[in-house]
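Some notes on the structure that comes next.
The values are calculated or read from the model by the stated rules, or taken from the named source; none is laboratory data. All figures in this text were calculated on a predicted structure; none of them were measured in a lab. Ideal geometry is used to build each Cβ from the backbone, glycine not excepted, and the neighbour counts take in all protein chains shown.
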Amino acid sequence: MRTALLLSALLGARAYAAPDPAALMRSALPAGFAPAAFAEPVFIPVPVPVLMRLQLEGDTQTVALAPLLDRHLAATDSFSGAGGRTLVSGTLDLAGDGYLAVTPPGGPARFVKIERGMSGTWSDGVHSYRVTLSVNIFRPRLANFIQIRDTATGQLVWENRILELFRLTYAAGEPVNLAGRPYRLFYSQKPTLGLCFIYDDASSGTHDYKFYMVPVNQIQGPAPVSYRMFGGDVVRLHASSDLSTLQITR
């Protein structure tokens with residue numbers, strides 16, 4: 001089913017809810033990059049003695065969120081033009097939609113949804129650029145190229161396969177541990193505000209990335225919220241009111 005999740009219409013937004021299977025089938029994210037599920041809140045009463053034991057055993061880790069805010073947009077890839085260095089990254093919104101993110105020198109980040117017919121233009125202050133998707137029916141869909149060209153000359157200034165862009169982006173995430181498993185954590189306000197936990201399931205011998213999306217306003221209350229992650233693991237998440245820190249408890 002994963003191979004059917006390629007370059008069709010993207011997921012529709014479904015805030016705070018488990019994903020609609022029909023919407024998942026419309027995902028245009030690369031296979032292995034489609035969200036396995038929105039992180040599913042679960043209610044699990046935890047006796048006070050157990051909470052004390054968790055704290056004593058050091059099963060709670062605290063992550064500084066502020067340094068992670070949109071960090072991946074500037075830590076993935078780039079190209080240099082007449083006006084300076086343009087940053088290039090992949091990113092997701094809370095619905096699981098995939099975007100190319102480009103940040104021209106001295107300018108704000110621009111987001112172009114990754115889909116057939118994708119198109120976007122911007123300037124680095126000297127030259128203008130345009131992004132398109134190069135599709136070939138003889139290539140696997142994940143092997144299709146995102147291309148950026150100088151609009152005046154048509155010169156190709158940046159190119160990468162969809163899958164490779166998201167692999168580079170994955171490497172820019174913050175390593176965290178959830179229930180004994182290694183994840184990468186992303187904290188974004190662009191295009192939407194939220195957390196994304198990515199688990200690399202290599203059990204089959206290949207990289208199979210599972211995404212778990214968490215809206216931050218779900219975890220800013222007075223108590224931690226439990227979420228079911230990969231393999232049915234349950235973790236408790238709690239963000240400070242000012243979103244400066246995140247606590248993760250097994």
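So, in region 195-248, exactly how many residues are surrounded by fewer than 19 Cβ atoms within 10 Å (Cβ to Cβ) and among the basic types (K, R)? Of the residues in region 195-248, 1 are surrounded by fewer than 19 Cβ atoms within 10 Å (Cβ to Cβ) and among the basic types (K, R). For region 131-155, which positions are aromatic (F, W, Y) and either in contact (Cβ under 8 Å) with a residue 24 or more places away in the chain or outside the structural domain of V88 (by TED's automatic domain parsing) (or both)? Selection gives nothing. For region 115-137, the set of residues classified as in a loop (DSSP other than H, G, I, E, B) and under 24 Å from the mean Cα position of the chain (by Cα) consists of E115, R116, G117, M118, V135, listed by residue number. Annotation note: Cβ proximity below 6 Å between a residue of region 162-190 that is outside the structural domain of D201 (by TED's automatic domain parsing) and at positive phi and a residue that is crowded, with 19+ Cβ neighbours inside 10 Å and part of a loop (DSSP other than H, G, I, E, B) (sequence gap 6+ or interchain) occurs for no pair.
Across region 140-163, the number of residues qualifying as surrounded by fewer than 17 Cβ atoms within 10 Å (Cβ to Cβ) and farther than 17 Å from S119 by Cβ comes to 4. Within region 72-114, being touching a Phe, Trp or Tyr at 6+ places or on another chain (Cβ under 8 Å) and β-branched (V, I, T) holds for T86, V88, T91, V102, V112, I114. Looking at region 117-128, is at least one residue among the hydrophobic types (A, V, I, L, M, F, W, C), over 15 Å from S80 (Cα atoms) and touching a residue at least 12 places away in the same chain (Cβ under 8 Å)? Taking every residue of region 117-128 in turn, at least one turns out to be among the hydrophobic types (A, V, I, L, M, F, W, C), over 15 Å from S80 (Cα atoms) and touching a residue at least 12 places away in the same chain (Cβ under 8 Å).
Applying the criterion of being hydroxyl-bearing (S, T, Y) and over 16 Å from the mean Cα position of the chain (by Cα) to the residues of region 72-92, the residue that is surrounded by the most Cβ atoms within 10 Å (Cβ to Cβ) is T86.
Once region 166-192 is narrowed to residues that are in contact with a Leu (Cβ under 8 Å, 6 or more places away or on another chain) and of a type in the set (A, V, I, L, M), the residue that is surrounded by the fewest Cβ atoms within 10 Å (Cβ to Cβ) is V176.
Checked against the criteria, L87 counts as at pLDDT 95 or above, outside the structural domain of H207 (by TED's automatic domain parsing), in a strand (DSSP E or B) and in contact with a strand residue (DSSP E or B) (Cβ under 8 Å, 6 or more places away or on another chain). The residue list G205, G173, G194 contains one member that is more than 18 Å from T76 (Cα to Cα) and modelled with pLDDT of 90 or more, which is G194.
Does any residue of region 166-180 turn out to be of a type in the set (K, R), within 20 Å of D70 (Cβ to Cβ) and out of contact with any strand residue (DSSP E or B) (no Cβ under 7 Å at 6 or more places or on another chain)? Walk me through how you get there before you give the answer.
So the first thing to find is which residues in region 166-180 are of a type in the set (K, R), and the list is 167.
Within this subset, residues satisfying the condition of being within 20 Å of D70 (Cβ to Cβ) are 167.
This time we only want the ones that are out of contact with any strand residue (DSSP E or B) (no Cβ under 7 Å at 6 or more places or on another chain), so: 167.
Looking through region 166-180, at least one residue is of a type in the set (K, R), within 20 Å of D70 (Cβ to Cβ) and out of contact with any strand residue (DSSP E or B) (no Cβ under 7 Å at 6 or more places or on another chain).
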